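Below: one structure, written as C-alpha cells.
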Amino acid sequence: MIIPYPFLFLIPLHNPPVHIVIRRYQPSDREAVETIFRNGIMEHINPAFMYAMTRPLHITVSLFFYIGAYVMSGQSVVLALVSGGAYIGFVYFCCYEFYAGFVKARLNTDMKDIPGYYLSNPDNCFWVAEAEIHGRPQILGMVAVEGKNDPGSEGKKYGELYRMIVSSTCRRCGLGVRLAKTVEDFCRERHFSKIGLSTSSTQKAVHIVIRRYQPSDREAVETIFRDGLMEHINPAFMYAMTRPLHITVSLFFYIGAYVMSGQSVVLALVSGGAWIGFVYFCCYEFYASYIQERLNTDMKDIPGYYLSNPDNCFWVAEAEMAGRPRVLGMVAVVGKNDPGSEGEMYGELYRMTVSSTCRRSGLGLRLAKTAEDFCKERRFSKIKLSTTSPQKAGVALYFRMGFKLILVHTQFETPKWMIWMTRATILIMEKNI
C-alpha cells in the first residue's frame, strides 16, 4: 500500500514527543536545508579523523615524528610534541578539506537551485521533515530522488536517491527510515522499476545491477575477492594489537629491551617493532593463505561449483563507470542438506565482498538480500554464514538483517599458533527464513 505524502508520525524528541511531517521542499526552507546539509556532512570529519589516525600507517608515521624529533633534538620534549602535533594537525586538515570540498561542490550544483533541479520535473522530488519545536517550525531532515532512464530496460525508469540527511537532534528515532520510505512510495507511484543509490569517487551517480556470474567476470571477481579480503589485514592487525595480551607483550618488549640494553632507545624500538611486525605478518598470512586456498578450490571454477546446481548460485554487482562496465561486488549461496531436519535444506552464504569504491552505499545489504530471496524461492529453511571477528562492519550488517550468532570457534585451515597471534575468532551466524 502506498502512503501519500505529507504524512505524520510521532517520535520522542526533546520531551514531550512532537509531530513530524514530511512534505515537499518550499523556497522558504532553503537556509534551514543548507544548514542541515552542511552540518550533517561536516559531522563526519571527526570520525574520519579518528579512523585515519588508527590506521597502522598513520600510527607509525606519528611515532616516527614524535620519537624522531625527540632523538634528533637532543631529547627535547617540546620539539617532539610540536613535530608530532603538526603531523596530526595536517591529517585533520586533510579530513576537513575532504568533506568541506564536497559540501561546497554540492552547494554550487543541485543544492543551489533545488526547485529548478528537483521540483521542475515530475519524476524528481525533494522532501523535508518538519516539526514544531518550542512553538517554531524546524527542519529535521531531508531527502531527494531523481528519475532516470534505466539503461538495462526499454523505456523503464528508476529512481536515484540523493541528499539523505537527518539532523543530529533526531538520530535513532526512525526518521531516516521514514524519509527512505517516502522515496520508495514516490518511486512506486511513478512505476519506477527500482531505486538506486549514488556512489562514486567522482561524484557521479551509477546504476548498479545485480546479476548472475558470467565467465567473462572471472578476472574482475578474483581481483575484488583478493582486494576485499586483503583490506581486512589492517583492521585485523589493529584488532589484535588492542587486545590486552598483545598490549602487555608489546610493553614487555619495549620496556624489557630498554632496561636490559642499558637504556638504549634504539634497541627498545627495534625489539618492540620486531614484535609488532611479527603480529602484522601473522595477520597478513592469515588472510593471504585463505585467499590462496579459495582461489584453488571453489573460486577456480565458479560455473562448475556454483552454477551447475540449481540450489547454488553466484551473483555479481555491476555498474557502468567511465563508460565501461565494472564489477563492484559479489555473493554466492550453496544449498546444503540440513542435518537437523528431515529432507529440508538450508543455504550457506559465501564470498560476500563489496569493492572499496562502493562502501556504505547499501550494496552489501542488496547482495545479502539477493541471496536471501534466492533461498526463499528454493524453500530453504534458513541461511547460514561464517565470518571473522575483525570484520566488524560485516558482522553489524548481518545482525541488522536478523542473523543470530550461534557459534564462536578458532578451527580454521591456518595453523593454530597463527590464529592465536591474530586473536581472531570464527563466527557462525544463521537466520531462519
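Remarks
- On full extension, the segment bounded by Ser386 and Val71 gains 108.7 nm, given 0.36 nm per residue less the C-alpha separation.
- Pairs with C-alpha atoms separated by more than 26 Å, drawn from the list Lys392/Lys431; Lys369/Lys392; Lys112/Lys156; Lys194/Lys404, are Lys112/Lys156; Lys194/Lys404.
- Solvent-accessible surface (1.4 angstrom probe) belonging to Lys112, in square angstrom, nearest 10: 120
- Most mobile of His19, His207, His134 in a GNM of the chain (Cα contacts under 10 Å): His134
- For the chain: rounded, prolate or oblate by the Cα gyration tensor [a/c cutoff 1.5]: oblate
- Portion, in percent, of the accessible area of the chain that falls on carbon or sulfur, probe 1.4 Å: 58
- Å² of accessible area per residue within the stretch 32-102, as computed with a 1.4 Å probe and no ligands counted: 60
- Accessible surface for the stretch 387-433, divided over its residues, is 56 Å² per residue with a 1.4 Å probe.
- Positive dipole terminus of the chain, leading residue within Pro215, Asn296, Tyr239 (C-beta point charges): Tyr239
- Kyte-Doolittle at least -1.0, axis length at least 30 Å by Cα - qualifying DSSP helices, the chain: 77-107, 265-295
- For the pair Val82 and Val259, a Förster radius of 30 Å applied to the C-beta separation gives a FRET efficiency near 0.55, rounded to the nearest 0.05.
- Mean-square fluctuations from a GNM of the chain, with a 10 angstrom spring cutoff on Cα atoms, peak among Ile419, Ile233, Ile67 at Ile67.
- Prolate/oblate/rounded call for the stretch 96-167, Cα gyration tensor, a/c under 1.5 rounded: oblate
- Hydrodynamic radius (Kirkwood) for the stretch 353-432, which is based on Cα pairs only, to one decimal in Å: 14.0
- Calculated FRET value between Lys181 and Asp113, using beta carbons and R₀ = 30 Å, to 0.05: 0.65
The values are calculated or read from the model by the stated rules, or taken from the named source; none is laboratory data. Everything quoted here is computed from the prediction, not taken from an experiment. In this analysis, Cβ positions are derived from the backbone assuming ideal geometry, glycine residues included, and neighbour counts consider all displayed protein chains. Remember, those area values only see protein heavy atoms, side chains included, never the ligands or the DNA or RNA. Shrake-Rupley method; radii C 1.70, N 1.55, O 1.52, S 1.80 Å.
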